[in-house]
Structure formats: C-alpha cells, structure tokens
Amino acid sequence: YVNNRFLDCFTKLKDRELGLDLWKRISSSRLVDSYPYCSAIGLCSLCRLYNQGYHIFVEADRLGFANHAVYGVTVQLCGDWKNATFAEKLYEKMLSRPELNFTIREYNAVLKALFQCGLSERAFEVFSVVSNHTLPDSATFGILMGACYNLGLFEKAIEVFRFSSGVRETALCNNFIRICVRSGDFQRAMETHELMKLENIPRDEFTFNTLLDMCASSDYPGKPSDAWTFWNEMISLGIAPNKYIYSSMIQSCCRYQQANEAAELIKQMFVDRRVTLSRDVCLGMMGVAKRIGNGDLAQFVFDKMGEHNIPRDQHIFSSFMSVFAVTKQTEKAFEVFETLKAHGLAPNHVIFSILLEACRVVGDSTRALQTFQLIEKSGLKPQQVAYAGLIGAFCRDRKVSLAESWLAIAEKNEIPIQLVTYQRLMIAYTLTGQPQSAIQLFEKLRNQGPVTLDTWNTLMRVYALIGDYIQTRAIFDGLESYSLVPNARSFSALITACRNSGQNRSIRDIYSEMLHREVKPNIGFFLNAIEACAEGGDDESADFFENELRLAGFTRPAAEREWELEQSTE
C-alpha cells in the first residue's frame, strides 16, 4: 500500500527516475497486484516513454495482473503515442475477454485513442459495437462530440447529440453549441442553450463565452441586444466573467457600434480582480480602442499596464500610437513616440510607418518628410510602407508634384509601390483639377496587368468627383466583363456621381439595384446617400436612408465616427 502511494506521487510529479526505480523494486517483489502496473504505465505515458509503458502492459498481461483498469490506462498510452495498431490490438483483446468486466470508461479510452490516431470513421464503428455491450455515458458522447468539432463533422454531431438524450451534461452541450456556431447554424445554437435551461443542465463560463462569441461574429443575424441578454443572464447566475468573456462581449459591442459600452467594459475588466491581465489581453484591448477611435481609452489601457507591471514593448507602443494615427491626433502620436524612446526602446520600421500614417491622415506633408528623413538618420533603410506614407501625405496635402517626385525616387530605388499609393495619387490629381492625369495613371496600371476592383472603383470615383455620371456608370456596367463583382464602394461611387451631376432622383434606384444584386451596403454608402438626397432637396429619400441605416443596426453618431475612421485609411 505504501509503495503504491509513493508510486502515485512520483507519477503525478512526472518523476521518471524515482518512479521507475520504485517500479522495478515493486515488480521484483511479491507485494504486487494490478495497481502498480496502472501507475507505472501512466507514468510512462506522461513521460512519453510509450514503448516502455507498453512492455509493462505485456508483462502484466502475461502474469495475469492486467485487469480492466490496466487495459484502460494502456489504451490511453496508445492514444498519446498515436499508435493505432496497438490501440486496435488492445480493443480486440478487450472484446475477447468479457470476464474482465470492462466498463464504459475503458471503451471511452478506446474511442479517444482512435480519434487521437486520426481514425474517426473507425471510432464511430467501435461506438456502434460498444453501445451494444454497455450503456454509453456523458463522457462517451463528449468524446464523440469533441471529435466532431475538431473534424468539422456537423451532421454527425447532430446525430450524436440526438442519441445523448438522458445523459447530457454541460461539457457535451457546450461542445455542441460550439459546433453549431462554427458551422453557422446560429438558430440551433440558441435552441441548444434553451434546451440546457429546460433540462436544468448547468451553464458555465464556456457556455456564455461561446454564445457571446457568436454575437460578435459578423455573420450572426441576430439583434444587437442579444449579447446583453446573455451577459445579464450570466451575471444573474453568479458566473463571473473571465478575460475571454469580457473580450467576446467587447467585440460584440464594437460590431454594433456600441463604443461607449465597449469602453466601460474594458475599464470594468481592468478593475475586476478576478481577471488575470496579460500583455496579450492588453494588446487586444488596445486594438479595440483603435477600432472605436477612442484615444482616451488607449491611454487608460497603457497606464493600467504600468500599474500592473505588464511589460510595454515595441508592439504595445506601436498599437498605442496607431490609435492616435487613425483618430487624427498627430501630436499625441508623436508624444507616444517620445515616451517610447524615454523607455529605452529603439523605434523600428513599424513605429516610423505609424508616425508617417499619423501625418498622412491629416495631410501634414512637412512633418511626414521630417519623419522620413529621421528613418534614414536612425540607420534604417526606408521600406515600402514608409514611401507609401510619405507619398500619401503629399497626396492628401494636394502637393501632387512632390508626390510624383517621391514616387519616381521610390521606383528608382526599386521599392515596390503599394497599389493604394497609385490610387491616392489618382484622387489627388482629380482634386487638383487634373483628372486626365488620373486617367493616364490608370491606363499605366492597366498596361502592367489585370486591374483590381479597388482600382476600378478609384477610376469610377475620379469620374464621379468631376460629375460625369455617364462614364461612371459605363465603368460600373463593364466590371462584369472583367469577371469582377461590384461591391459597396462601387455603388457608393455611383451615388457620388449622381450627387455631383445633379441626378439625385436616381439614388433610390441604385439602392434597389444594390439589394437586388445582394450587395450589403456599408456605412459609407448610407451616409453618402443621405447627404446626396439632402443636398438635392429630396428630404423624403434622405429620411428613407436614415431609417435604412437604423435597420442595418447603425446609430447615426457611431456610424459617422466609424466612417470617419474608415476614410482616414484611404
């Protein structure tokens, strides 16, 4: 008894040297039964001594000490070993020795081992045989459901879940909900959650994390309030949110433009002592601050990292700076840059590219040039992104000649030019009264190879800005001849063309065509349509699009903020 207890301890500690030494002494004595064989095989499995563990089983079987428990732990070893041949041999021996009274636990080990070996079809065959020998339990169906999830077997998962009636437990239901969400069957996921309530199956943090993940999915067709319903239900059950639940709920708020709610949840998470904060969590929350355009929130996260002694490396600083870049707080971005240097960190290409982006979005070409020169002074060679930021700043500042000069320098230095740089230059040409130069640049790109939809959209926007609806429409109608499908930006260009050519009455027809083609309108389309109708004196259509904006799940202030953030990247 004492030897067995010590052997158990060494197994849990994964101490192979002491454990196997004790095993040798036990096995050479007469004070031995099946128990130490189980412990020794388990130790071998934990220490990845699979061959030695299997030989111990062979010895136990030869001496008559291999009971049902020894078989079970050996099958588990075969699964960890991913040795399908030995797993199958053990299963066949189990079938031939009914006198050992194998329980569902040992058969569950067989199923799990087969799945670990990648033999999913064989595992389901074994399940059909096993279910005739003994009654499957929740663990059996849990193993099958886990395999269905990992292998993407959605139809098989539905079948397993149906058979599990009467032995369902939390883990099984959670796995099934995950499979439903993963396969896009959100309705079935909701129904399973309701079934858990009906059958009094306890729900835990994994249940609600999956449901909140579902609400945050861009494909989820439900209401913005669904996530808050799950959240409130979870709180009422006394389930404390962990960092994953917080993250899912925050992402759901972001999806539905609930910026204030997202910010409050982040602040709540940072003061919740039950949540273990980490660098990755803080990095994710910095990304949320960028997505909702909240510089104060980014500062809050950054400060809290300092309070919690969480390391703030270059990646953290770059994420912090990027928030101020997209929110057009250029001065703040440069302040963070100085803080980075004060922390003893050397700026890299990513840091400099974010500074250039901060200059570009506000059209501060002077500061952009100074930053570009600073890259060279730091001993770094400006890369593709740096040239894109500098040329983009000149384009936004409408200094087209300087943009052309630096584009020529980049080409001379054999720097690959980002497509968006050419697109920005096309718009800059148009806004400075040189639409013909924009068209010529497009033709240059066209001669270099197939033109992307984004570039065609940019050409449409060029004609739209000068009020040439006929040419804009002609390009739109010709997209299909290049095997391109118009997107929301394509339709938005048509709206801009109507707006600048005085054909505002055609805007609702364009929207009808958009819906007919099953193209989902984005925020920019709605706001463009609202402003175009209002400018043309068509208040009825403006009100119509305001209502469509709300029906799409957007609130006007949040929509304007998000659209401003999106436009800053153009």
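I'd like to compare 448-457, 363-372: which one has the highest average count of other Cβ atoms within 10 Å, and what's the full order after that? Could the numbers behind the result be given before it?
Working: 448-457: 15.1, 363-372: 18.9.
The most tightly packed comes first, giving 363-372, 448-457.
In Å³ and rounded to a whole number, note down the convex hull volume per residue for the Cα atoms of region 439-502.
So the per-residue hull volume is 66 Å³.
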Answer with one residue from Gly478, Leu453, Leu465: the one whose Cα lies farthest towards the positive end of the charge dipole of region 440-505, charges on Cβ with Lys, Arg +1 and Asp, Glu -1.
Leu465
Ratio to report: Rg/Rh of region 210-324, with Cα atoms as the point set and Rh obtained by the Kirkwood method; give two decimals.
0.97
Ser218 paired with Glu17, simple spin-label distance in nm, labels 7 Å along Cα-to-beta-carbon
5.5
Using just the C-alpha positions of region 459-537 as equal point scatterers, what log10 of I(q)/I(0) does the Debye formula give at each q in 0.13, 0.18, 0.21, 0.26 1/Å?
-0.33, -0.65, -0.89, -1.33
For the pair Thr432 and Lys267, how long in nm is the line joining their label points, each one 7 Å along Cα→Cβ?
4.5
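Evaluate the charge dipole of the chain about its Cα centre and quote only its size in Debye, nearest 20, assuming +1 on the Cβ of each Lys and Arg and -1 on the Cβ of each Asp and Glu. Write out the running numbers ahead of the final one.
Working: 60 positive and 67 negative charges, 330 e Å.
Its charge dipole is roughly 1580 debye.
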Can you figure out the FRET efficiency of Glu414 with Asp543, using R₀ = 60 Å and their beta-carbon distance, to the nearest 0.05?
0.65
Using the charge dipole of region 305-401 (Lys, Arg: +1 at Cβ; Asp, Glu: -1 at Cβ; taken about the Cα centre), state which of Asn309, Leu390, Leu345 has its Cα farthest towards the positive end.
Leu390
Inter-part gap, Cα centre of region 124-198 to Cα centre of region 1-67, in whole angstrom, is 35
Size of electric dipole in region 314-424: Cβ of Lys, Arg +1 and of Asp, Glu -1, about Cα centre, debye, nearest 20:
120
With +1 on the Cβ of every Lys and Arg and -1 on the Cβ of every Asp and Glu, the dipole magnitude of region 397-477 about its Cα centre, in debye rounded to the nearest 20, is 100
Rolling a 1.4 Å sphere over the protein heavy atoms, what is the accessible area per residue of region 187-286, to the nearest Å²?
48
Each label sits 7 Å from Cα toward the beta-carbon; between Glu531 and Ala552 the label points are separated, in nm, by 1.4
Binned at 10 Å from 0, what are the whole-percent values of the Cα-Cα distance distribution for the chain, short to long?
3, 13, 16, 18, 18, 14, 10, 6, 2, 0, 0
The chain, accessible surface, carbon-and-sulfur percent (1.4 angstrom probe):
50
Just to be sure I understand: if I project the alpha-carbon convex hull of region 331-472 onto a plane and average over all orientations, what area do I get in nm²?
9.2
For region 159-297, with the dipole built from +1 on Lys and Arg beta-carbon atoms and -1 on Asp and Glu ones, taken about the Cα centre, which of Gln251, Val167, Gln187 lies farthest toward the positive end?
Gln251
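On average, how much accessible surface per residue is there in region 72-158, in Å², for a 1.4 Å probe, leaving out ligands, DNA and RNA? Walk me through the intermediate numbers first.
Values: 3990 Å² over 87 residues.
Ligands and nucleic acids excluded, the figure is 46 Å² per residue.
For the pairs Lys156/Lys197; Lys341/Lys377; Lys112/Lys197, note any where the Cα-Cα span goes beyond 22 Å.
Numbers: Lys156/Lys197 24 Å; Lys341/Lys377 15 Å; Lys112/Lys197 29 Å.
Cα-Cα > 22 Å for Lys156/Lys197; Lys112/Lys197; rest within.
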Binned at 10 Å from 0, what are the whole-percent values of the Cα-Cα distance distribution for region 147-246, short to long?
15, 51, 31, 4
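The values are calculated or read from the model by the stated rules, or taken from the named source; none is laboratory data. Only a predicted model underlies this, so the values are computations on that prediction, with no experimental measurement involved. Cβ sites come from the backbone with ideal geometry, for glycine too, and all protein chains shown count toward neighbours. All accessible areas refer to the heavy atoms of the entire protein, side chains included, with ligands and DNA or RNA removed. Shrake-Rupley method; radii C 1.70, N 1.55, O 1.52, S 1.80 Å.
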